[in-house]
Amino acid sequence: MKLNSFLKVAVVALPLVFTACGSRKKVVKEEAPITPEMQSKIDFIARVNDRAQTTKFLTSKVKFSVEVGQQKLTLTGNLKMKRDDVIRLQLMAFGFVEAGRIELTKDYVLIMDRINKQYLKAPWMSVDFLRNSGITFSTLQSLFWNELFRPSVVTVEKHATDSIADYNLLDSGDDMIISLEQGKMDYSWLASRNDAIIKMANILYKDRFNGNSQLNWDYDQFEKLNKSLFPRKSAITLTTKEKEVKLGMTLSYIGAETEWETRTEISNKYREVSVDEILRRFMSL
C-alpha cells in the first residue's frame with residue numbers, strides 16, 4: 001500500500017467512525033426509585049467512571065498500522081490530545097517528514113495531505129454524515145480517551161439514575177458487559193469486573209436496507225498514568241457492507257506535553273478541497 005493510499009484510508013475511516021456513533025444532548029429527568037438492580041448499575045458505572053483520566057494533556061509517539069484486504073502499511077507518527085479541545089494525529093514518512101494530519105476540534109474537522117498540498121477544513125455540522133447523525137467531538141474523544149459515554153447526555157453521571165436507567169449490565173465471567181440500545185444504534189462496552197477498566201467498545205448501526213456498519217475498538221497494554229491506567233495499544237476495526245478497515249495504534253510512551261500549538265495554521269500554498277470532492281474521491285477506493 002502506498003503512502004497516498006494510507007492517507008485515503010485514514011479519511012475513509014473517519015466517516016465510518018462518525019456514522020457509527022450517536023449524538024449527545026442534555027437530558028434532565030426526575031430520578032426513579034432505586035432498585036437493587038439499579039444500585040448495582042450505579043455502583044459499577046461509578047467504578048468505571050472513576051477510572052477516567054484527570055490529566056488535561058496526553059501525547060505520544062505512535063506506530064500506526066492499516067490493513068484493507070491484502071493491503072497493509074505501517075507508519076510512525078504522533079498523537080496529541082488536549083481534553084475538551086483537540087485530537088491530533090500526525091502521520092510521518094521516513095520517520096521524520098509529516099505526510100498527513102487529522103485534527104479534530106469542537107468546531108471543525110481538518111484533514112491535511114502535506115504531500116499533495118491539499119486540505120479539507122469544515123465545521124462538523126457542514127458535513128452531511130455528521131449533521132445527519134448528530135455527531136459531536138465529545139463522542140470521539142471518549143473513544144480515544146478510553147471512557148464510557150452516553151449518546152443522549154453530555155456526561156455519564158456517576159450516581160445519577162437518569163443517566164444510566166436504560167443501560168443493561170450483564171455478567172460475563174471475569175468481565176461485565178455494559179450495553180445500551182437507542183433506535184438503530186447498539187452500544188456496548190466490556191469492562192473488567194475487578195478493576196472496572198474498559199477493555200472494548202463496540203458501536204453498531206443497524207440498517208436493513210443498506211447493511212449494518214460496526215466500529216469495534218479494543219484496548220490493551222494498560223500503563224499507569226496519574227492515579228489510573230491508560231491503554232498503550234488500540235485495535236480498531238471498521239466494518240461496512242462493502243469493506244473492512246483495520247487500524248492499529250501503539251503508543252511508544254504516555255506523556256503529557258503541554259508546549260505545543262493546539263491549532264494548525266494552513267499555508268496559502270495549500271489547495272482547499274471541497275467536502276463533496278474529497279469524500280467522493282476517498283470513498284471510491
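The values are calculated or read from the model by the stated rules, or taken from the named source; none is laboratory data. The model shown is predicted, which means the values in this text are computed figures rather than measured ones. Note: ideal-geometry Cβ built from the backbone for every residue, glycine included; neighbour counts use all protein chains shown. These area figures cover heavy atoms from the full protein model, side chains too; ligands, DNA and RNA do not enter into them. Shrake-Rupley method; radii C 1.70, N 1.55, O 1.52, S 1.80 Å.
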Problem set entry | In nm, spacing of pseudo-spin labels at residue 270 and residue 171 (7 Å Cα→C-beta vector) | 5.3
Exercise. What does the charge count near residue 193 come to, summing +1 for each Lys or Arg and -1 for each Asp or Glu among other residues with Cβ under 10 Å from its Cβ?
Worked result: -3
For this session: Leaving ligands, DNA and RNA out of it, work out the accessible area of residue 193 with a 1.4 Å probe and give it in Å² to the nearest 10.
Result: 80
Problem set entry | Difference of contour (0.36 nm per residue) and Cα-Cα distance, residue 218 to residue 94 | 41.9 nm
Exercise. Across the stretch 175-285, how many lysine pairs, 8 or more apart or on two chains, come within less than 23 Å at their alpha-carbon atoms?
Worked result: 12
Exercise. Of 112, 125, which has the most accessible area with a 1.4 Å probe, and how do the rest follow in descending order?
Worked result: 125, 112
For this session: Find out how many positive minus negative residues lie around residue 237, taking Lys and Arg as positive, Asp and Glu as negative, among other residues whose Cβ is under 9 Å from that of residue 237.
Result: -1
Problem set entry | Distance between modelled label sites at residue 241 and residue 258, nm, 7 Å Cα→Cβ extension | 5.0
